[in-house]
Amino acid sequence: MYDYDLLVLGSGPSGQKAAIAAAKLGRRVAIVDRRDMLGGVCINTGTVPSKTLREAVLYLTGLSQRDLYGSSYRVKEDITVADLAARTQHVITRQTDVIRDQLARNRVAMITGTGRFADPHAVWVDAGSGRETRVSFDKAVIAAGTRPARPESVDFDDRTIVDSDGVINLQAVPRSMVVVGAGVIGMEYASLFAALGTKVTVVERRERMLDFCDEEIVESLKYHLRDLSVTFRFGEEVAAVEKHRTAALCVLRSGKKIVADTVMYSAGRQGQTDDLALEAAGLTADHRGRIQVDANYRTAVDTIYAVGDVIGFPALASTSMEQGRLAAQHACGEPSRTMSELQPIGIYTIPEISFVGRTEDELTETSTPFEVGIARYRELARGQIVGDSYGMLKLLVSPEDGRLLGVHVFGTGATEVVHIGQAVMGCGGTVDYLLDAVFNYPTLAEAYKVAALDAANKIRNITRIDG
Ligand SMILES: Cc1cc2nc3c(=O)[nH]c(=O)nc-3n(C[C@H](O)[C@H](O)[C@H](O)COP(=O)(O)OP(=O)(O)OC[C@H]3O[C@@H](n4cnc5c(N)ncnc54)[C@H](O)[C@@H]3O)c2cc1C
């Protein structure tokens, strides 16, 4: 007899959903995590703090209202770290409470500490008191997530040179900042600090950024960020960072030097598998700490599953939750289901980006014909009302059967608006649905109708000539 039917290592989005799904199926479930990490990276250092900071910055700077009230509009003149931290702490506390309550209601036991495998059916849990407790289980789900990767050559001090964990604990809003790495996390923080008035320089080894997104939208983002005084150094690499008394000096391989109050590295993430003693369970991780799984999230050991960031791409809270749920259902012998291939991507830069389906580049590469329908927010009454003159929605439509191949949104509410397109695509709908639908007025959702009309008109023009 084991202590639990299912033991989950890690209480982030994937671990929570795995535990609750198994508990709903009547299993005896426990989650192991550290005292101050309930909710995982997602709640404590990643998604939730970064999105709350963004919301606080947008509100306090008045940035999103400046189209309406002028470029000098501010809600608060001197925005301090305390202003930002107060909102973040409030949300983290509330969200942690919600999770604690959900787990308790579903009778999921919380075991505080760091877990490491003793064998394939037991872990040792170290609560920090010097004594370890052995907990046995029939099946396990590893949901240990990731931490920021720290290049060995860089002397992180969590004050001047920080990673994405350290950046949320800065003592003051920096006047200048170098962001190393133009991935999603790097660009989200670059936007946020640029909106606060920090002079940001982004250094990226590659020639492009966010190259999995619509190119036109990435160009628009760059334009907006340049307008907020962001400097981009593409095709450049940081060779060394020197710490001086009042600032850091970044030396690029090209010989350029940049002085900054803060240097933030966003150099990828590393699976948190080193504490897990995987070998005791008969498992291994790759050089980036990731664990390999099959289509049902099962590891090389049949009774042990792995979900969330620890298994790698796409490493999002949104997909991690679903992986957790699916893994638990499989572990409990429920009929197996797979995750929908239609997964939206949300990038909380300022302005935000979201898309679902294919990009123009991908369709062109595979010689898939498509027509583009565009709606600009400034042509919508809601766009004018909210003061968004730059937002846009782009539909990629198959001229053959009207299917939506991709939906790309830039600007206010992009990460929400995209779900309408996702629903239409997921239900196999065509552009005709959008042409015939009545939308609330005035809304940003109306952009779908405008873009659908644009695409349909273009397809009609081609058909008229081409037959
Ligand atoms: C700055 C930032 C912004 C992000 N923004 C977004 C976003 O906008 N949208 C989005 O979808 N995703 C976003 N993400 C990604 C998202 O946070 C992750 O995909 C998600 O948190 C992964 O969830 P997870 O279940 O794998 O576990 P995590 O949230 O990574 O948590 C893992 C947990 O496992 C615990 N753990 C590790 N080892 C052990 C052990 N040995 N014993 C016990 N417990 C252990 C850790 O303490 C931690 O609590 C962002 C990430 C970052 C860093």
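The values are calculated or read from the model by the stated rules, or taken from the named source; none is laboratory data. Keep in mind that what you see is a predicted model, and the values were worked out from it rather than measured. No Cβ is skipped: glycine too gets one built from the backbone with ideal geometry, and neighbour counts run over all protein chains shown. Accessible surface is based on the protein model in full, side chains and every heavy atom, while ligands, DNA and RNA are left aside. Shrake-Rupley method; radii C 1.70, N 1.55, O 1.52, S 1.80 Å.
Key figures
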{"read-out": "Tensor-based shape of segment 83-126 (alpha-carbon gyration tensor, a/c under 1.5 rounded, otherwise prolate or oblate)", "value": "oblate"}
{"read-out": "Inter-probe distance in nm under a simple model that places probes 7 Å from Cα toward Cβ, at LYS257 and ASP36", "value": "3.7 nm"}
{"read-out": "Portion, in percent, of the accessible area of segment 35-93 that falls on carbon or sulfur, probe 1.4 Å", "value": "53 percent"}
{"read-out": "Packing-based order for 32-38, 326-332, 6-12, using average beta carbon neighbours within 10 Å, highest first", "value": "6-12, 326-332, 32-38"}
{"read-out": "Sulfur and carbon atoms: percent of accessible area, segment 106-209 [1.4 Å]", "value": "44 percent"}
{"read-out": "Exposure of SER153 as accessible area (Å², to 10), given a probe of 1.4 Å and all protein chains", "value": "110 Å²"}
{"read-out": "Sites GLU362 and LYS24 - FRET efficiency at Förster radius 30 Å, r taken between beta-carbons, to 0.05", "value": "0.20"}
{"read-out": "Order of exposure, largest accessible area first, which applies to THR160, THR338, THR93 with probe 1.4 Å", "value": "THR338, THR93, THR160"}
{"read-out": "Accessible solvent surface per residue of segment 273-353, calculated while the other protein chains remain in place, 1.4 angstrom probe, Å²", "value": "48 Å²"}
{"read-out": "Cα centroid separation - segment 412-467 against segment 243-291, whole Å", "value": "42 Å"}
{"read-out": "Flagged links, alpha-carbon separation over 28 Å, of LYS222/LYS394; LYS51/LYS76; LYS76/LYS257; LYS17/LYS449; LYS199/LYS449; LYS256/LYS394", "value": "LYS76/LYS257; LYS17/LYS449; LYS199/LYS449; LYS256/LYS394"}
{"read-out": "Convex hull of segment 1-48 built on C-alpha atoms - directionally averaged projected area, nm²", "value": "3.5 nm²"}
{"read-out": "Accessible surface, 1.4 Å probe, highest first, among residues TYR4, TYR377", "value": "TYR4, TYR377"}
{"read-out": "Sites THR80 and GLN292 - FRET efficiency at Förster radius 41 Å, r taken between beta-carbons, to 0.05", "value": "0.35"}
{"read-out": "Sulfur and carbon atoms: percent of accessible area, segment 339-422 [1.4 Å]", "value": "47 percent"}
{"read-out": "Fully extended contour minus Cα-Cα distance, from THR112 to TYR69, at 0.36 nm per residue", "value": "10.4 nm"}
{"read-out": "In segment 184-260, GluC sites (Glu not before Pro) in a DSSP loop with at most 15 other beta-carbon atoms within 10 Å", "value": "GLU207, GLU237"}
{"read-out": "Cα-based shape type of the chain, given that a ≥ b ≥ c are square roots of the gyration tensor eigenvalues and the cut on a/c is 1.5", "value": "oblate"}
{"read-out": "Antiparallel content of DSSP bridges confined to segment 200-322, in %, to 5", "value": "70 percent"}
